[in-house]
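Each remark here refers to the structure printed beneath this line.
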Amino acid sequence: MPLKLGAYTACLHDRPLEDALDFLRDNGLTSVEVNTGGFLPAPHCPVDLLLSSADARRDYLALFAARGMELTGLNCNGNPLNPLPGVGPKHAEDLRRTIRLAGLLGVKNVVTMSGTPGSDPDAKYPSWVVNPWDGVYMDVLDYQWGVAAEFWTEIDALARANDVRVAIEMHPHNLVFSPVTLKKLVELTGATNVGAEMDPSHLMWQGMDVVACIRELGPLVFHAAAKDAMLCPGVDVRGVLDTSFARVPADAPGKVPTGIGFWCNAWPENPAWKFVAVGIGHDTAYWAEFLAALAEVDPDMAVNIEHEDTAYSQTEGLALAAENLLAAAAELRSAVG
């Protein structure tokens, strides 16, 4: 099974790229995904330099090749449709630049999110519709899908011109958060170079069958994340649509930006669900089935660990995830061999 197993280096942003690559290699991984803008900074990818210099691009790719590794994805997760003037336009331009850079580097997949517009042309903030049983929310969705169709038609054309595919992470708080909404975007735009990044974690906590989602999307799955999630006892009284988060103090260390002047909030002490290291929420057999379903779509697909389990340090959690993902791959090879 030649699936490319690796990691997204955002959790290792506190160390130089060379050190991050050495850590991934030493844990048996060969595929790498780096951040290029959007919500997070890009310490592992000097976008401006790489866009301007063929020599810099050659030297950059050589860092991966020297370790027997491949740069399989550029990640630019953000909200390119956010109506806030300091957020949406920047994230949208980050995405355009990332697509151009991917084309120059020969990296086929750019990972991002669909984004969420405001509720109407005069809205100041993005507005995510959870359940449009009230007719007014159909009006909101009609407007939002119109905004998204215009933007993503442009992005699809840019991706096609650069021989790049844009893989959308189906993430709640975005217009595209499920296979149904992903397919709707593709159908609305007639896209040829827009599809899905199969991050199972968000589908897990929404109650979806991840393997069924992969098979529903089929060739629209371009790229994948290995990221686990589990429901917690708090789900009994919170449900999975819980707003009991708290603001993080302005002087708190390690705050994660979501836009200019905006930050990730703190989870409740007894959450409904949480991200966990690969293998903690679902066992090796589950991940072997996940890998098998991806291989049915594309046996050369990249599957990159995204580590966000706060119960472990970044390196401990990433090493554990790598161990479990590699074990799942070995189990799958044994089953088919």
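The values are calculated or read from the model by the stated rules, or taken from the named source; none is laboratory data. Keep in mind that this is a model prediction, so the values were computed, not measured. When we count neighbours, we look across all protein chains shown, and the Cβ atoms used for this are built from the backbone with ideal geometry, even at glycine.
Right, Gly28: surrounded by fewer than 19 Cβ atoms within 10 Å (Cβ to Cβ) and touching a residue at least 12 places away in the same chain (Cβ under 8 Å) or not?
Working: surrounded by fewer than 19 Cβ atoms within 10 Å (Cβ to Cβ): yes; touching a residue at least 12 places away in the same chain (Cβ under 8 Å): yes.
Considered against the rule, which asks whether it is surrounded by fewer than 19 Cβ atoms within 10 Å (Cβ to Cβ) and touching a residue at least 12 places away in the same chain (Cβ under 8 Å), Gly28 comes out as yes.
Of the residues Glu33, Glu18, Glu70, Glu93, which is touching a Phe, Trp or Tyr at 6+ places or on another chain (Cβ under 7 Å), surrounded by fewer than 23 Cβ atoms within 10 Å (Cβ to Cβ) and at pLDDT 95 or above?
Numbers: Glu33 fails: surrounded by fewer than 23 Cβ atoms within 10 Å (Cβ to Cβ); Glu18 fails: touching a Phe, Trp or Tyr at 6+ places or on another chain (Cβ under 7 Å); Glu93 fails: touching a Phe, Trp or Tyr at 6+ places or on another chain (Cβ under 7 Å).
Testing whether each residue is touching a Phe, Trp or Tyr at 6+ places or on another chain (Cβ under 7 Å), surrounded by fewer than 23 Cβ atoms within 10 Å (Cβ to Cβ) and at pLDDT 95 or above leaves just Glu70.
For region 131-142, indicate whether the set of residues that are among the acidic types (Asp, Glu), under 24 Å from Ala292 (Cβ atoms) and not in a loop (DSSP other than H, G, I, E, B) is non-empty.
Initial filter on region 131-142 (among the acidic types (Asp, Glu)): 134, 139, 142.
Next, from what is left, pick out any that are under 24 Å from Ala292 (Cβ atoms): none.
Within region 131-142, not a single residue is among the acidic types (Asp, Glu), under 24 Å from Ala292 (Cβ atoms) and not in a loop (DSSP other than H, G, I, E, B).
Across region 79-106, what is the number of residues that are in contact with a Ser or Thr (Cβ under 7 Å, 6 or more places away or on another chain) and more than 16 Å from Thr258 (Cα to Cα)?
The number of residues fulfilling the criteria is 2.
Can you tell me which residue among Leu61, Leu71, Leu95 is in a helix (DSSP H, G or I), closer than 23 Å to Ala302 by Cα and without any contact (Cβ under 8 Å) to a residue 60 or more places away in the chain?
Matching residue, one of Leu61, Leu71, Leu95: Leu61.
Among (1) touching a residue at least 60 places away in the same chain (Cβ under 8 Å); (2) not in a helix (DSSP H, G or I), which single condition is Leu101 missing?
(2)
Hey, among the residues in region 247-286 that are farther than 23 Å from Ile305 by Cα and touching a residue at least 40 places away in the same chain (Cβ under 8 Å), which one's farthest from the chain's Cα centre (by Cα)?
Ranking the qualifying residues of region 247-286, first place goes to Gly261.
Taking Thr284, is it closer than 26 Å to Leu12 by Cβ and of a type in the set (S, T, N, Q)? Write out each step before concluding.
Working: closer than 26 Å to Leu12 by Cβ: yes; of a type in the set (S, T, N, Q): yes.
For Thr284, the condition - closer than 26 Å to Leu12 by Cβ and of a type in the set (S, T, N, Q) - is met.
For residues that are assigned to a loop (DSSP other than H, G, I, E, B) and not hydroxyl-bearing (Ser, Thr, Tyr), scanning just region 301-335, find the one that is surrounded by the most Cβ atoms within 10 Å (Cβ to Cβ).
The first filter runs over region 301-335 and keeps only residues assigned to a loop (DSSP other than H, G, I, E, B), leaving 301, 306-313.
Still in the list and also not hydroxyl-bearing (Ser, Thr, Tyr): 301, 306-309, 311.
Working: Met301: 21, Glu306: 24, His307: 29, Glu308: 18, Asp309: 24, Ala311: 11.
Only one residue fits best here, namely His307.
Can you find, within region 200-246, the residue that is surrounded by the most Cβ atoms within 10 Å (Cβ to Cβ) among those that are over 20 Å from Ala328 (Cα atoms) and either of a type in the set (Ser, Thr, Tyr) or free of Cβ contacts under 8 Å to residues at least 12 places away in the same chain (or both)?
Ser244
Which of the residues belonging to region 93-107 are farther than 20 Å from Ala10 by Cβ and either hydrophobic (A, V, I, L, M, F, W, C) or within 15 Å of the chain's Cα centre (by Cα) (or both)?
The one that is farther than 20 Å from Ala10 by Cβ and either hydrophobic (A, V, I, L, M, F, W, C) or within 15 Å of the chain's Cα centre (by Cα) (or both): Leu104.
Please verify whether Val140 is under 26 Å from Cys264 (Cα atoms), surrounded by fewer than 23 Cβ atoms within 10 Å (Cβ to Cβ), β-branched (Val, Ile, Thr) and at pLDDT 95 or above, treating the condition exactly as stated.
On the way: under 26 Å from Cys264 (Cα atoms): yes; surrounded by fewer than 23 Cβ atoms within 10 Å (Cβ to Cβ): yes; β-branched (Val, Ile, Thr): yes; at pLDDT 95 or above: yes.
Taking the combined requirement at face value, the residue satisfies it.
Could you list all residues from region 159-199 that are among the aliphatic types (A, V, I, L, M), farther than 22 Å from Arg215 by Cβ and surrounded by 17 or more Cβ atoms within 10 Å (Cβ to Cβ)?
Looking only at region 159-199, we keep the residues that are among the aliphatic types (A, V, I, L, M), and these are 159, 161, 164, 166-168, 170, 175-176, 180, 182, 185-186, 188, 191, 194, 196, 198.
Imposing the further condition that a residue be farther than 22 Å from Arg215 by Cβ reduces the set to 159, 161, 164, 175, 188.
Within region 159-199, Ala159, Val164, Leu175 qualify.
Any chance region 105-115 includes a residue that's in a helix (DSSP H, G or I) and in contact (Cβ under 8 Å) with a residue 12 or more places away in the chain?
Quick first cut of region 105-115, residues in a helix (DSSP H, G or I) only: 105.
Restricting the remaining residues to those that are in contact (Cβ under 8 Å) with a residue 12 or more places away in the chain gives 105.
Taking every residue of region 105-115 in turn, at least one turns out to be in a helix (DSSP H, G or I) and in contact (Cβ under 8 Å) with a residue 12 or more places away in the chain.
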